[in-house]
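What follows draws every value from the coordinates through simple rules; no lab data is involved. All values derive from a computational prediction rather than experimental measurement. Reconstructed Cβ throughout: ideal geometry from the backbone, glycine too, with neighbour counts over all protein chains shown.
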Amino acid sequence: MVLKYTKYSGTKHGAHEKVLELVGNNKKVLEIGCATGYLSSKMKEHGCSVVGIEIENEAAEVARKAGIEVIGGDIEDMEKLPMGKASFDVIVLADVLEHMKEPDITLKKLSGFLKPEGYIVVSLPNIGYWTMRLKHLFGKWDYTETGIMDSGHLRFFTLKTARKLLENSGFKVLKEDYTPWKPAIYFITKIWPSLLAYQFILKVGKA
């Protein structure tokens, strides 16, 4: 198997940078879809203790070799998790919810593993991104290996539907950020994120 997502990206105003910033330092973190552990490793560098859940066995093994504690399996199929309730300060779902059949059910399930003041950090690709709008206007709905039209995506989100998913799953948005096409246009992206943001980055707490 060729793994698609294997490396941390330090791009200024990129999703990885923004997720790390929202997670913070010295937190107990659960990362859903930790892949090869590249983001979990960065969180550990910031003093966090991290547990990962990963569906791909090969990726999970790479993460374990990097020193990450990984539970193998599909979070959507896990009725029970081997950790206590209210165990984590932060749960990270970085580019994960769009791969799920029923992300709302998973979010509700994960809510119980957050401490009372804990929060979830989510990144989601924007199907309303301007280039996507143009392609779809001309009838092009072509899947790609990676990116917004990743062939593994089961669901697609605009800013409005991303907020709705999280709010309907029992959360309130605490902070919202966006990734731009290029770092230089970040501040323009913030003016019209529904059109110009490549990804949405959201920090949410229990409602």
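List the residues whose amide H sits under 5 Å from the amide H of ILE71, counting only those 5 or more places along or on another chain, with H placed 1.01 Å from N in the peptide plane.
For ILE71, the qualifying residues are GLY52, ILE53, GLU54.
For the range 87-192, state which GluC sites (Glu not before Pro) are in a DSSP loop and have at most 12 other beta carbons lying within 10 Å of their beta carbon.
GLU145
Scan around LEU174 for amide H atoms under 5 Å from its own, H built in the peptide plane at 1.01 Å from N, and keep only partners 5 or more places away or cross-chain.
It is LYS203, VAL204, GLY205, by chain and number.
Rounding to the nearest 20 debye, state how big the charge dipole of the chain is about its Cα centre with +1 on each Lys and Arg Cβ and -1 on each Asp and Glu Cβ.
720
Relative contact order (percent) for the chain, with alpha-carbon contacts under 8 angstrom and 6 or more residues of separation?
Reported relative contact order: 20 percent.
Give the residues of the range 110-146 whose amide nitrogen is closer than 18 Å to a point set 7 Å from the Cα of SER49 in the direction of its Cβ.
Within reach of a label on SER49: 113-119.
Full-extension gain between GLU102 and ASP150, please, as 0.36 nm times their residue separation minus the C-alpha to C-alpha distance.
15.5 nm
Obtain the nm distance between the two label points defined at THR158 and MET78 by a simple spin-label model: each point lies 7 Å from its Cα along the Cα-to-C-beta direction.
Taking the simple label geometry, THR158 and MET78 are separated by 3.4 nm.
Are there chymotrypsin sites (Phe, Trp or Tyr not before Pro) in the range 82-159 that DSSP puts in a loop and that have at most 13 other Cβ atoms within 10 Å, and which ones?
On the way: sites: PHE88, PHE113, TYR119, TYR129, TRP130, PHE138, TRP141, TYR143, PHE156, PHE157; in loops: PHE113, TYR129, PHE138, TRP141, TYR143, PHE156.
Sites meeting the loop and neighbour criteria: PHE138, TRP141, TYR143.
Using Cα springs under 10 Å in a Gaussian network model of the chain, which residue among LYS85, LYS190, LYS140 shows the largest mean-square fluctuation?
LYS140
May I ask you to give the average projected area over all directions of the convex hull of the Cα atoms of the chain, in nm² rounded to one decimal?
11.2
Picking from GLY84, GLY112, GLY139, which is most flexible by a Gaussian network model of the chain using Cα springs under 10 Å?
Checking each option, the largest mean-square fluctuation is seen for GLY139.
Work out from phi, with θ = phi - 60° and the Karplus expression 6.51 cos²θ - 1.76 cosθ + 1.60, the ³J(HN,Hα) of each residue of the range 80-90, listed in order in whole Hz, and give x for Gly and Pro.
For the range 80-90, the Karplus-derived couplings read 10, 10, x, 8, x, 5, 6, 8, 10, 6, 9 Hz, x marking Gly and Pro.
Name the shape class, rounded, prolate or oblate, that the alpha-carbon gyration tensor gives for the range 2-64, where a ≥ b ≥ c are the square roots of its eigenvalues, rounded holds for a/c under 1.5, and otherwise prolate holds if a/b is larger than b/c and oblate otherwise.
Working: a/c = 2.29, a/b = 1.29, b/c = 1.78.
It is oblate, given that a/c is not under 1.5 and a/b is not larger than b/c.
If you take every DSSP beta bridge whose two residues both sit in the range 15-206, what share of them, in percent to the nearest 5, is antiparallel?
Counting only bridges with both partners in the range 15-206, antiparallel ones make up about 45 percent.
With a point put 7 Å past each Cα toward its Cβ, work out how far VAL173 is from LEU134 in nm, to one decimal.
Distance between label points: 2.6 nm.
When the helices in the chain are scored as -39500 (n - 2.57) per DSSP H run of 4 or longer and the sum is shared across all residues, what 222 nm value do you end up with, to the nearest 500 deg cm²/dmol?
Mean residue ellipticity, 222 nm, calculated: -7500 deg cm²/dmol.
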